[in-house]
Amino acid sequence: MIDTPWRVLPHGELTQRTPNLWTVEGTLPAMPLTRTCAIARRADGDLVIHSAIAFNETTLAQVLALGRPKWMVVPSGFHRLDAPAWKTRFPDIQVVTPATTRDKVEEKVPVDFTLDEAGAHFGPDQGVILRNLGGTAGKEGVMETRQDGVVALVFNDALFNHPHTTGFKGFVVRMLGSTGGPKVTRIARTFIMSDRAALGQAFRELADTEGLAVVVPGHGLVMDDDPAAILRGVAGTL
């Protein structure tokens, strides 16, 4: 594997969302959208880095103080920008991705497990669960974290909650339907959603998760004010 430089783009601060989940919001090159990296701590103390962002040294030190980065979830072939840098810096990190995107991800970083294959290493006893998201034909998954009865759900491109942005690029993404509140975007409906009814049912079932306190979208604002109602509302738009 070719060594990849640790190139840092502007990003926000490490923010704790639940007892075992933290997020960092970062920028994307030449795009008005933000992206969200989620860091989950398992019961064994190891960290799961979901949709990795190359952090500045201050934020990276804060993350490393939480535990050892043992797992990296590359949630799709479109979220692999900083995965090679993480693999270079932490060569023992185990890479997980949906089975349908494995070939695309392996263009940038070796894959150790698909979501299905990783299932044996995750579960309620570890406080982190990885599963495929219904209605996406295995193109996307969802990460569930739980500790002390508090649950968070981490999504990727199947769920956006990005506010409108300004400027010409902001106008473009708005016209594409990628901004403006919790939603399954037009692009996700076209390229990710395989079964409208099944995806809606998946959102409703996840909304019924006992202890659900936080929903983290792949892009946009974290939802912690009645996230169950938000998921049911999104399901109702499909």
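General observations
- Condition check for T101: within 16 Å of the chain's Cα centre (by Cα), outside any strand (DSSP E or B) and crowded, with 20+ Cβ neighbours inside 10 Å: yes
- Boolean, K108 is out of contact with any Phe, Trp or Tyr (no Cβ under 7 Å at 6 or more places or on another chain), in a helix (DSSP H, G or I) and under 22 Å from P5 (Cβ atoms): no
- Residues that are within 15 Å of the chain's Cα centre (by Cα) and of a type outside the set (S, T, N, Q), drawn from segment 15-27: R17, L21, W22, V24, E25, G26
- D103 vs. criteria farther than 22 Å from P29 by Cβ, charged (D, E, K, R) and touching a helix residue (DSSP H, G or I) at 6+ places or on another chain (Cβ under 7 Å): no
- Checking each residue in segment 45-75 for being under 18 Å from the mean Cα position of the chain (by Cα) and either at positive phi or among the aromatic types (F, W, Y) (or both) picks out S51, F55, W71.
- Positions within segment 104-120 being more than 14 Å from F78 (Cα to Cα) and open to solvent by 80 Å² or more (accessible area, probe 1.4 Å), in sequence order: D116, E117, A120
- Pick from segment 181-198, criterion of a type outside the set (V, I, T) and closer than 21 Å to L221 by Cα, ranking: surrounded by the fewest Cβ atoms within 10 Å (Cβ to Cβ): R186
- When segment 54-79 is limited to residues that are part of a loop (DSSP other than H, G, I, E, B) and open to solvent by less than 40 Å² (accessible area, probe 1.4 Å), the one that is farthest from R17 (Cα to Cα) turns out to be G77.
- Note on segment 191-217: among residues that are in a helix (DSSP H, G or I) and among the aliphatic types (A, V, I, L, M), the one that is nearest to D157 (Cα to Cα) is L199.
- Matching residues, segment 121-134, being part of a loop (DSSP other than H, G, I, E, B), open to solvent by less than 10 Å² (accessible area, probe 1.4 Å) and small (G, A, S): G127
The values are calculated or read from the model by the stated rules, or taken from the named source; none is laboratory data. Worth saying up front: this structure is predicted, and the values here are computed from it rather than measured. So basically every Cβ, Gly included, is an ideal-geometry build from the backbone, and we count neighbours across all protein chains shown. The protein model used for the area step is the full one, side chains on, heavy atoms only, and it has no ligands, DNA or RNA in it. Shrake-Rupley method; radii C 1.70, N 1.55, O 1.52, S 1.80 Å.
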